[in-house]
1. On full extension of the chain, what length is gained from GLU237 through VAL369, given 0.36 nm per residue of separation minus the C-alpha to C-alpha distance?
2. What is the Rg over Rh value, at two decimals, for segment 212-314, using alpha-carbon atoms and the Kirkwood definition of Rh?
3. Identify the residues of segment 81-105 with backbone N under 19 Å of a label point that sits 7 angstrom from the Cα of ALA12 along the Cα-to-Cβ direction, or state none.
4. GluC sites (Glu not before Pro) within segment 21-62: which are DSSP loop residues with at most 12 other Cβ atoms inside 10 Å?
5. Along the charge dipole of segment 212-314, pointing to its positive end and built from +1/-1 on Cβ of Lys, Arg, Asp and Glu, which listed residue (LEU290, ALA264, LEU279) has its Cα farthest out?
6. In percent, how large is the relative contact order of the chain, given Cα pairs closer than 8 Å and 6 or more residues apart?
7. Output the direction-averaged projected area (hull surface divided by four) of the convex hull of the alpha-carbon atoms of the chain, in nm².
8. Where does the chain land at 222 nm, in deg cm²/dmol rounded to the nearest 500, when only DSSP H runs of n ≥ 4 count, each adding -39500 (n - 2.57), divided by all residues?
Amino acid sequence: MGTDTGLEGVVAASTRLSHVDGERGELIIVGYSLAELAAHATFEETTWLLWHGRLPASFELDAFRAELAEKRALSETTLSLLRDCARAKLDAMDALRMAAGTISLTADDAVTIAAAIPTIVATFWRYRDGLEPIAPRPDLSHAANYLYMLTGREPAAERTRGLETYLNTVIDHGLNASTFTCRVITSTGSDLVSAIVGAIGALKGPLHGGAPGPALEMVFEIGDASRAEPILRRKIESGERLMGFGHRVYKVRDPRADVLATAAERLFTRGGDMALYRLARDVEGVALRLLEEYKPGRRLQTNVEFYTALLLHGLGLDVPLFTPTFAIGRVSGWIGHALEQRAANRLIRPSSAYVGPRDLRWTPLTSRVR
């Protein structure tokens, strides 16, 4: 194997947390299929599952919910930093990366980190819009409280379930770039907050966590199902990538896309307006047909980005909130991997293949000619 493959196919860790089978379109979270977890579990249950290797008993879940709720508040230092980030008009992921580091002023434990991340995102977003932050409510679930802190309105049950399904869907996904970053930092013996800040930095990159917005923009650009084929043909023929289709790992349909498509249908149906959902399904159908026509055998199927965009839009979230909201779900997976790495740690220190020059001779500065 060559040295320029981005470590594709290299096994870098053993894990009991999640398994991704790209050929079969399968995602397993601690023994459970993603579809089963997403349909039934609360986000708190899925987080507990990743951290403890089993689903919680009722009394354990109650205690865990209470502990999460107790640790949602931010320090004055964090609030001040978020105000400064908003004044500077920073990207939401930059604000999250900076503010996450301040969590270690008060704690460095898993529950505090998971509890604080939604508060950081919602607080920054309120400051960005010129509004005061809304204090978290201890009586609301993790998902419901996030929506409440963004708007000041207690969300309806179907909206909470829609977000909860999304957070469950993205909570963990094998040894992706941000999770690998988290494990590498943990393997050095560094603290948990540092590992999470590093993971956020990796997720910020557009090749990892930044593509759901363009997938939605493409649907809006098309606007009507009758325009889908000519617009998509033009995009493909000009070499433009169709956002929301194709995945580095999955060679069949991304199983997360099915889960989120179902959640989006339920959300839009109960909201009483199915027009955007129907348009998205029409666009998806045309895109898949044209991709097979223009790129036969490439197996470019719908990925998680396509229905992420539709679902989060249906929940009223603006596009710049999409990746930070992804982080709210994925942080539980990052922490699970950090805890697993700590339990049987060995410094992650891969080798590299040197391909540079050899046998060069030192030349004094006065003799160097360009």
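Each reported figure results from applying straightforward, stated rules to the coordinates on display, with no laboratory input. In this text the structure is predicted, and so the values were computed from the model without any measurement. Every residue, glycine among them, receives a Cβ derived from its backbone with ideal geometry; neighbour counts consider all protein chains shown.
1. 42.8 nm
2. Ratio of gyration radius to Kirkwood radius for segment 212-314: 0.95.
3. none
4. Sparse-neighbourhood loop GluC sites (Glu not before Pro): GLU23.
5. It is LEU290, whose Cα lies furthest towards the positive end.
6. 22
7. Seen from a random direction, the Cα hull of the chain projects 23.6 nm² on average.
8. The per-residue figure over the chain is -18000 deg cm²/dmol.
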